[in-house]
Amino acid sequence: MSTPADFEPMEKGFDLAQAIAEADRCLLCHDAPCSAGCPAETDPGRFIRKLRFKNITGAVRTIKHNNILGAACGVLCPTARLCEEKCSAIFKSQECPEGADRPIAIGKIQRFLVEYAWHQGIQVLEKGAPRPQKVAVVGSGPAGLSCAAELAKEGFGVTVFEARPEPGGVLRYGVVSYRCSQDFLNRELDDVRALGVEFKCNHPVNGQRDAEKLLAEGYSAVFLAPGLWQAASLKKQRPAIKGLWSSVDFLAALRDGRFAEMRDAVAGRTVAVIGGGSVAMDCIGAAARLDAADVYLVYRRSYAQMPAEPDERIEAQEAGVHFLLLNQPVDYVTDGGRISGLKLVRTRLGEADASGRRRPEAVEGSEWVLPADLVIEAIGNQAPDDSPAWYPRVKVNDRRLIEVDPDTGRTSVEGIFAGGDIVRGPALVVQAVQDGKVAARAIKDYLTQ
């Protein structure tokens with residue numbers, strides 16, 4: 001029988017010898033392409049160079065100065081298609097005509113350095129000299145944390161308003177514990193608190209004009225980063241069917257003390273997860289660990305077109321998950337108000353769509369039903385229907401995403417800035433971190449002009 005302990009252990013990271021040995025493989029590029037490949041400007045070329053020359057404190061300082069969530073990004077970033085994809089160690093050269101076998105493990109080195117600093121008590125960041133202005137940050141996900149930390153380093157008083165009981169946003173409530181444990185996340189949050197950032201949890205800013213009222217309450221600027229917590233559904237409105245879950249609710253339940261409830265709901269049953277991204281991978285992995293009898297991943301495109309990372313797909317297959325590809329969910333089958341199956345239609349790939357992937361087209365007459373006891377929708381998140389009312393003067397698009405100047409994070413309202421998923425739509429943690437940094441720079445300029 002599964003227990004909470006099955007969800008807590010993270011894969012062990014590098015030790016000192018492993019990290020140094022990996023750094024010693026670095027070619028010490030003058031204009032390191034890996035650094036150009038990091039959306040958050042964490043500068044792996046610099047911190048790996050410092051580690052190679054045994055300047056561990058300097059390496060940690062580089063990471064944390066550039067990315068307050070350096071440890072989380074080291075674990076959660078798809079480094080294989082970001083910094084590591086640019087690594088010169090994988091390219092052929094006159095000295096190595098066959099090419100190297102793999103890039104430098106940048107993400108693992110990055111995680112090691114931050115963890116090493118925690119264990120050794122190495123402090124590399126300091127509060128800035130106090131300034132009179134206060135800034136409100138709405139949301140404690142990656143964008144909010146990044147913005148808060150950058151402003152605190154500049155001496156501004158920063159208060160983070162979080163609707164949920166604990167800070168962390170998607171890092172806490174949207175990622176399974178064996179990828180990012182509570183203790184690991186809490187250590188990262190301690191680095192933010194050490195800068196003087198104040199957190200007000202169980203404090204939603206989601207009433208009529210609530211975000212704009214913060215300016216009237218003494219805050220000189222506001223940064224909006226509430227994230228996207230309304231899950232998309234096959235239906236315009238998710239029907240009230242027992243056994244039908246959104247990925248948001250399913251993953252959050254595993255993080256907020258309802259483990260026994262979820263184990264009882266999943267163990268010995270057939271689970272179908274709709275989607276093909278990293279969130280879907282977390283859902284199927286969690287269902288397998290909860291002792292589901294069978295877990296099916298249902299995806300309307302092909303294996304090669306799945307947005308999930310290759311290692312995530314392989315891990316799911318090794319866990320025994322069944323991949324039902326080229327199948328489009330169209331409806332639910334119920335029995336007495338409870339899920340009993342998922343109605344599907346087979347698809348074939350047609351011409352490329354706006355995403356560059358071949359569009360799935362339904363095969364006429366191919367409808368069938370997959371028996372299932374639970375269905376989890378992992379098909380993306382969206383802005384809550386009422387979110388524009390929280391900041392009615394802030395301009396939003398037809399998806400209710402906030403429109404900003406991409407170079408500053410400025411919204412249409414003076415003093416209000418925004419970033420993260422509420423601006424981009426669902427995106428990477430590292431991109432949200434950069435949004436927070438960009439907005440913090442602009443807020444500093446705005447408050448000191």
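The values are calculated or read from the model by the stated rules, or taken from the named source; none is laboratory data. Computed from a predicted structure; not experimentally measured. Here Cβ is always computed from backbone atoms with ideal geometry, including for glycine, and neighbour counts include all displayed protein chains.
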Among the residues listed as VAL298, VAL248, VAL222, the single one being more than 30 Å from ALA136 (Cβ to Cβ), buried (at least 19 other Cβ atoms within 10 Å of the Cβ) and in contact with a strand residue (DSSP E or B) (Cβ under 7 Å, 6 or more places away or on another chain): VAL298
Criterion: β-branched (Val, Ile, Thr), in contact with a Gly (Cβ under 7 Å, 6 or more places away or on another chain) and not assigned by TED's automatic domain parsing to the domain that holds GLU315 - qualifying residue of VAL197, VAL192, VAL222: VAL222
So GLY341, is it within 29 Å of LEU254 (Cα to Cα) and assigned to a loop (DSSP other than H, G, I, E, B): no
Failed condition for GLU312, given (1) in a loop (DSSP other than H, G, I, E, B); (2) charged (D, E, K, R); (3) touching a residue at least 24 places away in the same chain (Cβ under 8 Å): (1)
Complete set of residues in segment 39-63 that are surrounded by 24 or more Cβ atoms within 10 Å (Cβ to Cβ) and touching a residue at least 24 places away in the same chain (Cβ under 8 Å): ALA40, THR42, PRO44, PHE47, ILE48, LEU51, ALA59, VAL60, ILE63
Given (1) in contact (Cβ under 8 Å) with a residue 60 or more places away in the chain; (2) in contact with a His (Cβ under 9 Å, 6 or more places away or on another chain); (3) of a type outside the set (D, E, K, R), index of the condition LEU151 fails: (2)
Residue, surrounded by the fewest Cβ atoms within 10 Å (Cβ to Cβ), within segment 113-144, restricted to residues that are of a type in the set (Gly, Ala, Ser) and assigned to a helix (DSSP H, G or I): ALA117
Within segment 344-389, tally of residues that are part of a strand (DSSP E or B), farther than 26 Å from PRO426 by Cβ and either in contact (Cβ under 8 Å) with a residue 12 or more places away in the chain or in contact with an Asp or Glu (Cβ under 9 Å, 6 or more places away or on another chain) (or both): 8
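In segment 350-374, which residues are of a type in the set (A, V, I, L, M) and modelled with pLDDT of 95 or more? Walk me through it before giving the result.
To start, the set of residues in segment 350-374 that are of a type in the set (A, V, I, L, M) comprises 352, 354, 362-363, 369-370, 372, 374.
ALA362, VAL363, VAL369, LEU370, ALA372, LEU374 - these are the residues of segment 350-374 that are of a type in the set (A, V, I, L, M) and modelled with pLDDT of 95 or more.
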Complete set of residues in segment 236-245 that are among the charged types (D, E, K, R) and either surrounded by fewer than 16 Cβ atoms within 10 Å (Cβ to Cβ) or outside the structural domain of GLY337 (by TED's automatic domain parsing) (or both): LYS236, LYS242
Any hit, segment 102-112, residues being among the basic types (Lys, Arg), surrounded by fewer than 18 Cβ atoms within 10 Å (Cβ to Cβ) and not in a helix (DSSP H, G or I): yes
Condition met for ARG346 (loosely packed, with under 15 Cβ neighbours inside 10 Å, closer than 24 Å to ASP373 by Cα and either modelled with pLDDT under 95 or not hydrophobic (A, V, I, L, M, F, W, C) (or both)): no
Residue under evaluation ALA100, criteria (1) among the aliphatic types (A, V, I, L, M); (2) modelled with pLDDT under 95; (3) in contact with a Pro (Cβ under 9 Å, 6 or more places away or on another chain), criterion not met: (3)
Selection count where residues are within 21 Å of the chain's Cα centre (by Cα) and of a type in the set (Val, Ile, Thr), scope segment 153-208: 5
Residue count, segment 381-425 (criterion: of a type outside the set (Val, Ile, Thr) and crowded, with 17+ Cβ neighbours inside 10 Å): 16
Which listed residue is free of Cβ contacts under 8 Å to residues at least 24 places away in the same chain and either over 12 Å from LEU374 (Cβ atoms) or aliphatic (A, V, I, L, M) (or both), from ALA304, ALA280, ALA267, ALA252: ALA304
